[in-house]
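Report on the following structure.
The values are calculated or read from the model by the stated rules, or taken from the named source; none is laboratory data. Nothing here was measured: the structure is a model prediction, and the numbers come from that model. All Cβ positions, glycine included, derive from the backbone under ideal geometry; neighbour counts span all protein chains shown.
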Amino acid sequence: MLATAVTRNYHEEESIMNVIRTVIAIVTLALASSAFAYQVTGPVLEVTDSKIVVQKGKEKWEIARTPDTKVTGDLKVGAKVTVEYTMTAKSVEAKADKAKKK
């Protein structure tokens, strides 16, 4: 009877730890995928192999597109879409401080 109780307690603890690990993994993935991720929603004005133009209010948003861009649904002019994108620096040039006047 003691062995059954110990075994049951061990399996309960193992199940709880699996749930905790799963929750941590989901939260980590959610935070990692949304870090520096932005989105724009609106009707598509133009679609090419290299860009998608979306109307957001009075502004036209032109988002670059690559062969790796994941598209679900029928992407065409007039379709309402939500585009998730990131901003990545291509280059950075640091300028030297100007000499301070005395």
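On the basis of being touching a Ser or Thr at 6+ places or on another chain (Cβ under 8 Å) and in the same structural domain as Gly42 (by TED's automatic domain parsing), does Lys60 make the cut?
No: the conditions fail for Lys60.
Does at least one position in segment 51-72 carry a residue that is hydrophobic (A, V, I, L, M, F, W, C), at pLDDT 80 or above and either in contact with a helix residue (DSSP H, G or I) (Cβ under 7 Å, 6 or more places away or on another chain) or surrounded by fewer than 11 Cβ atoms within 10 Å (Cβ to Cβ) (or both)?
Yes - at least one qualifying residue is present in segment 51-72.
What number of residues in segment 73-82 are surrounded by 10 or more Cβ atoms within 10 Å (Cβ to Cβ), within 21 Å of the chain's Cα centre (by Cα) and without any contact (Cβ under 8 Å) to a residue 40 or more places away in the chain?
The number of residues fulfilling the criteria is 2.
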